[in-house]
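Below: one structure, written as structure tokens.
Every number here is computed from the coordinates shown, using simple stated rules; none is lab data. Just so we're clear, the structure is a prediction, and the values are computed from it rather than from any experiment. So basically every Cβ, Gly included, is an ideal-geometry build from the backbone, and we count neighbours across all protein chains shown.
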Ligand SMILES: NC(=O)c1ccc[n+]([C@@H]2O[C@H](COP(=O)([O-])OP(=O)(O)OC[C@H]3O[C@@H](n4cnc5c(N)ncnc54)[C@H](OP(=O)(O)O)[C@@H]3O)[C@@H](O)[C@H]2O)c1
């Protein structure tokens, strides 16, 4: 099976390259392919002739998506459509990475694949448009929704992950205020990449559709920060809880975007481990 990975030097892309290293893998960075340009996408993928294309590319700085909404739609919507179109022409399967931010958070129970999306912001809206394009344009598609990613490779769009930010701010500030009223699941890109590999290489390859893949459990951003400091052995960080109103973000985010991974379970695939176990492994590798 020949697998092309778009965004191969990104946070998730890096771990996908590792997960698929036993097979024939082609790593594509932004220098190699421009997904907003159909000619570039067709030409690059046409030369590779992959069996599977995994698209991790996105414009995902959530606040910037509000002001640069045309760019957000171009990358997250049209870009996803171009990859799906090219994959379909080649008879390849398309794996599209999407987000928990397609949901509005009103459910207050883990969102499963059959729940109706209702994004609250431009990022979520444009990612949802990408999902619909992929489902509509490529008959062999996997739309993989995930949440709160962190990995050993830096997130290219954000220059790091939440853990990097918390550890930096703990050094710089006397007091740290983190929201304690928005719940999600932090997800380790290494676990996600491995499960994507299992999904596309298992005997279930005819089960195309939407899949939620995230570590197990849930926490608020405050609880996540507290666990990071605990694992790092930082006992004297002055961590205070706050609310999203007090934090005054310019963008609406779901208060609850925990993903329930029913789809992979129904295929007999093992769900991902609890987020606390994944974070412990990440922190020990990060500090090596
Ligand atoms: N990070 C999260 O917490 C999170 C949560 C849920 C879902 N997701 C989704 O997960 C996916 C992967 O996230 P990540 O954190 O691994 O992202 P990342 O580190 O920013 O990597 C994205 C990769 O895509 C490339 N790229 C961006 N625009 C492109 C374009 N127009 N054409 C071709 N390549 C392009 C980037 O290259 P350059 O940097 O050189 O432009 C980079 O290699 C995204 O689809 C995101 O929406 C992320």
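With an 8 Å cut-off on Cα pairs and a minimum separation of 6 or more residues, tell me the relative contact order of the chain in percent.
Working: 595 pairs, mean separation 59.7, N = 288.
Here the relative contact order equals 21 percent.
Counting only helical runs of four or more DSSP H residues, what would the 222 nm mean residue ellipticity of the chain come to if each run contributes -39,500 (n - 2.57) and the total is spread over all its residues?
Values: 12 runs with 115 residues, N = 288.
Mean residue ellipticity, 222 nm, calculated: -11500 deg cm²/dmol.
Could you state the angle between the C-alpha long axis of helix 80-90 and the longest principal axis of the C-alpha atoms of the chain, as a value from 0 to 90 degrees rounded to the nearest 10?
30
If you average the alpha carbon positions of segment 112-168 and of segment 25-95, how far apart do those two centres end up, in angstrom?
14
Given bins 10 angstrom wide, list per bin the percent of all Cα-Cα distances in the chain, short to long.
7, 29, 37, 21, 6, 1
For a test of the definition: using alpha carbon positions, the gyration tensor, and the 1.5 limit on a/c, classify segment 221-288 as rounded, prolate or oblate. Can you show the working numbers first?
Numbers: a/c = 3.20, a/b = 1.20, b/c = 2.67.
It comes out oblate by the Cα gyration axes.
Which order do peptides 60-66, 182-188, 36-42 fall in by mean Cβ count within 10 Å, highest first? Provide the component values of the computation, followed by the final result.
Working: 60-66: 18.1, 182-188: 23.7, 36-42: 16.4.
The most tightly packed comes first, giving 182-188, 60-66, 36-42.
Can you give me the angle between helix 122-137 and the longest principal axis of the chain, using Cα atoms only, in degrees from 0 to 90, rounded to the nearest 10?
Once rounded, the angle reads 20 degrees.
When a/c reaches 1.5 or more, the comparison of a/b and b/c decides; with that in mind, is segment 1-89 rounded, prolate or oblate per its Cα gyration tensor?
Details: a/c = 2.58, a/b = 1.43, b/c = 1.80.
It is oblate, given that a/c is not under 1.5 and a/b is not larger than b/c.
Does anyone have the angle between helix 275-286 and the longest principal axis of the chain? Alpha-carbon axes, 0 to 90°, nearest 10?
Taking the Cα atoms of the chain, the angle to 275-286 is about 90 degrees.
Would you mind ranking 264, 210, 35 by Cβ crowding within 10 Å, fewest neighbours first?
Details: 264 23, 210 20, 35 26.
So the residues, fewest neighbours to most, are 210, 264, 35.
By DSSP, what percent of the beta bridges with both residues in the chain are antiparallel, rounded to the nearest 5? Intermediate values should be presented prior to the final figure.
Values: 2 of 34 bridges.
In the chain, approximately 5 percent of DSSP beta bridges are antiparallel ones.
Relative contact order for segment 174-288: what percent, with Cα pairs under 8 Å and sequence separation of 6 or more? Walk me through the numbers on the way to the answer.
Working: 155 pairs, mean separation 52.3, N = 115.
Taking the mean separation of contacting Cα pairs over the length of segment 174-288, I get 45 percent.
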